[in-house]
Amino acid sequence: MSRLVVISNRVADPRKSAAGGLAVALADVLNSTGGMWFGWSGKIIEAADGGKPGEGEMHTHQAGPVKLVTLDLCREDYKSYYEGYSNGVLWPVFHYRLDLADFDAGYIGGYRRVNQLFARKLLPLLQEDDVIWIHDYHLIPLAAELRALGCTQRIGFFLHIPLPPPLILAAIPGHDWLLRALFAYDLVGFQSHSDLEHFARYAQTEAFAQNLGDGRWRAFNRTVHAGAFPIGIDVEEFQALADAPEGREMFDRMTREYSRRQLLVGVDRLDYSKGLPHRMRAFRELLQSYPENRKKATLIQIASPSREEVDAYTDILHELESLCGSINGNYGELDWMPVRYIHRNVARPKLPGLYRASRVALVTPLRDGMNLVAKEFVAAQDPADPGVLVLSRFAGAAEQMTEALLVNPYDIEATANAINLALQMPLEERRARHAALLATIRKFDVHWWCNSFLDTLSKAESQVSGTPWLRL
Ligand code: GDG
């Protein structure tokens with residue numbers, strides 16, 4: 001089996017279970033192939049300390065059989081590549097928020113410079129039959145930069161966030177450059193069929209790509225395979241976490257503390273894509289229109305800090321704080337607070353117990369690539385007395401999790417009605433919906449995701465041709 005080389009913005013030690021997400025997903029295949037994981041170290045070097053654009057010291061650690069290689073970035077590169085282009089342009093546009101994108105600031109140069117730096121540093125570490133898997137929007141042009149340096153190995157790309165329709169993408173100055181970069185890959189993977197369809201339409205209308213059938217597209221003298229690979233969670237691992245002492249202790253504590261109430265839970269990074277103010281308004285509407293829930297329903301909202309240096313994130317923080325304050329002020333009683341809002345990171349082992357103690361989960365993003373919280377909530381439930389998932393139809397997860405109560409988070413009244421339905425749902429219906437959802441997330445778990453992507457990549461036809469990839 002070929003060695004797997006993973007490249008993502010950040011690198012995690014797959015031996016540490018707290019790493020979660022991608023690390024859990026990739027641990028098996030990285031371990032069994034003695035793989036390598038390459039990315040930014042998280043360290044920023046100031047100019048006064050010798051940090052120079054396009055340069056960065058490399059560090060190597062051995063994590064069991066897996067080699068972790070990380071690069072430092074100088075302040076200027078961090079600002080333009082990470083804060084600027086990745087999170088100030090690509091993140092908002094790919095989440096349909098053109099209004100929040102900052103196109104004019106000239107960040108693209110830094111984005112490209114860091115992708116070139118990654119390519120230059122990575123190339124000498126590669127072996128001939130490596131399989132390379134690049135992750136997410138920070139690194140879209142990386143394969144093109146590697147190809148320009150002569151890299152011929154198979155390279156796959158997975159986009160963790162949504163891909164918007166062509167006309168939204170076309171608003172990005174130089175979007176054709178990004179699109180062309182996707183054709184340097186052998187396989188590009190998306191979270192959902194609707195993202196895949198946007199890619200297909202974009203490739204046809206903007207790149208005049210030829211549809212070769214079986215998910216293959218030809219343009220720029222290359223063939224790229226494109227597919228939907230909805231990411232999952234490690235259901236067994238999450239359930240084991242629920243049964244571990246910390247998970248049980250959390251469950252017991254929450255059920256004791258809220259024995260006279262019905263708990264609702266939300267767990268999100270504090271990001272404008274997650275629809276937190278809309279969710280709060282829907283909860284306020286629930287208390288207003290269905291007063292029987294007053295003194296009874298309590299919403300615990302964990303909003304873990306994220307990208308606080310970007311302005312749009314400070315705005316959302318203030319909006320959320322003010323909404324929570326006004327709901328508690330207007331509806332709270334001496335012995336009941338409607339909203340418990342926590343702006344801190346909660347330790348991962350505690351999450352399953354919290355999910356399990358909750359009657360309803362509110363997963364209502366305005367747009368989301370997938371949303372793993374929806375899957376974690378289902379995995380953590382007691383099948384004999386499960387809670388109900390209220391899920392935004394704009395989360396990638398909604399394509400698979402059709403037995404959730406699907407809502408349009410922009411429609412505050414309809415969302416409040418759905419939350420009320422969820423709180424009242426009879427046991428039998430809760431069980432039936434939960435059983436169907438659990439079967440889906442078990443079938444399409446993270447191992448399925450990883451294996452099906454790598455399997456498709458290994459079958460993608462070889463592109464080693466006489467035509468060298470021209471620098472973008
Ligand atoms: C991107 C895409 C896609 C959250 N707060 C805490 C905490 N979390 C954990 C959750 C979950 C993860 O973070 C969040 O995953 P999501 O999928 O909800 O969202 P993003 O971070 O935006 O991830 C998304 C994902 O990539 C994977 O492809 O699904 O659409 O946007 O695991 O549990 N974990 C801990 N404390 C917290 O306070 N420990």
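The values are calculated or read from the model by the stated rules, or taken from the named source; none is laboratory data. Keep in mind the model is a prediction, meaning the values are calculated, not measured. All Cβ positions, glycine included, derive from the backbone under ideal geometry; neighbour counts span all protein chains shown. These area figures cover heavy atoms from the full protein model, side chains too; ligands, DNA and RNA do not enter into them. Shrake-Rupley method; radii C 1.70, N 1.55, O 1.52, S 1.80 Å.
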### Query
Among the candidates 384, 416, which residue alone is modelled with pLDDT of 95 or more, more than 15 Å from the ligand (Cβ to nearest atom) and more than 22 Å from residue 281 (Cβ to Cβ)?
384
### Task
Output the residues belonging to segment 245-273 that are more than 14 Å from the ligand (Cβ to nearest atom) and open to solvent by less than 40 Å² (accessible area, probe 1.4 Å).
254, 258, 262, 263, 264
### residue 268, sole failed condition from (1) in contact with a strand residue (DSSP E or B) (Cβ under 8 Å, 6 or more places away or on another chain); (2) in a loop (DSSP other than H, G, I, E, B)
(2)
## Note on the structure
Scanning segment 396-413 for residues that are open to solvent by less than 40 Å² (accessible area, probe 1.4 Å) and within 16 Å of the ligand (Cβ to nearest atom), the one nearest to residue 251 (Cα to Cα) turns out to be 404
### Message
Being of a type in the set (Ser, Thr, Tyr), within 14 Å of the ligand (Cβ to nearest atom) and either free of Cβ contacts under 8 Å to residues at least 24 places away in the same chain or assigned by TED's automatic domain parsing to the domain that holds residue 415 (or both) is the requirement here; does residue 298 meet it?
### Response
no
### Task
Name the single residue, out of those in segment 144-166 being small (Gly, Ala, Ser) and open to solvent by 10 Å² or more (accessible area, probe 1.4 Å), that is farthest from residue 201 (Cα to Cα).
150
### Message
With the requirement that a residue be of a type in the set (Ser, Thr, Tyr) and in contact with a strand residue (DSSP E or B) (Cβ under 8 Å, 6 or more places away or on another chain), what does segment 310-356 give you?
### Response
341, 355
### Summary
The number of residues in segment 3-36 that are within 16 Å of the ligand (Cβ to nearest atom) and open to solvent by less than 50 Å² (accessible area, probe 1.4 Å) is 17
### Query
Is it the case that segment 164-176 has a residue that's part of a helix (DSSP H, G or I) and either touching a Pro at 6+ places or on another chain (Cβ under 6 Å) or β-branched (Val, Ile, Thr) (or both)?
yes
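Here is a yes/no grid of residues against (1) in the same structural domain as residue 259 (by TED's automatic domain parsing); (2) under 25 Å from residue 136 (Cα atoms); (3) away from the ligand (no atom under 14 Å from the Cβ):
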{"residue": "306", "(1), (2), (3)": "yes, yes, no"}
{"residue": "314", "(1), (2), (3)": "yes, yes, yes"}
{"residue": "318", "(1), (2), (3)": "yes, no, yes"}
{"residue": "324", "(1), (2), (3)": "yes, no, yes"}
{"residue": "327", "(1), (2), (3)": "yes, no, yes"}
{"residue": "336", "(1), (2), (3)": "yes, no, yes"}
{"residue": "350", "(1), (2), (3)": "yes, no, no"}
{"residue": "357", "(1), (2), (3)": "yes, no, yes"}
{"residue": "363", "(1), (2), (3)": "yes, yes, no"}
### Message
From the list 393, 367, 359, exactly one residue is touching a residue at least 40 places away in the same chain (Cβ under 8 Å), touching a strand residue (DSSP E or B) at 6+ places or on another chain (Cβ under 6 Å) and surrounded by fewer than 24 Cβ atoms within 10 Å (Cβ to Cβ). Which is it?
### Response
359
### Matching option when the condition is touching a residue at least 40 places away in the same chain (Cβ under 8 Å) and farther than 23 Å from residue 86 by Cβ, among 53, 65, 14
14
